[in-house]
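Student: Pasting a structure here, questions to come.
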Amino acid sequence: MKVSYDPRTDTLSVILREGVAVVESDEERPGVILDFDEQGNLVSLEILDASTRVTDTRRVEYELTG
């Protein structure tokens, strides 16, 4: 999994499966784009205008539970 933020475009990207071709993209909600593979599995998501939608675009926390 890879998370990146582009301050030039103010876009936050979360790539769940690298190297998988995106065959369909849907703007599920305004400013939230979901990308799907050939089988309909979620591959990545993009958040537009991220600086207005997330708490801190420079900070990512990852937690493994269980």
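Just so it is clear, none of the values below were taken in a lab; they were calculated from the coordinates. All of these numbers come straight from a predicted model, not from anything done at the bench.
Student: Pull out the extension gain between residue 65 and residue 28, defined as 0.36 nm times the separation in residues minus the alpha carbon to alpha carbon distance; nm, one decimal.
Tutor: 10.5 nm is the gain from fully extending residue 65 to residue 28.
Student: What's the percent breakdown of Cα-Cα distances in the stretch 2-52 across 10 Å bins, shortest bin first?
Tutor: Histogram of Cα-Cα distances, whole percents per bin: 27, 52, 19, 1.
Student: Can you tell me, using C-alpha contacts under 8 Å and at least 6 residues apart, the relative contact order of the stretch 2-52 as a whole percent?
Tutor: Once normalised by length, the contact order is 36 percent.
Student: Whose amide H sits under 5 Å from the amide H of residue 22, counting only residues 5 or more places off or on another chain, with H placed in the peptide plane?
Tutor: Distant-sequence amide H within range of residue 22: zero hits.
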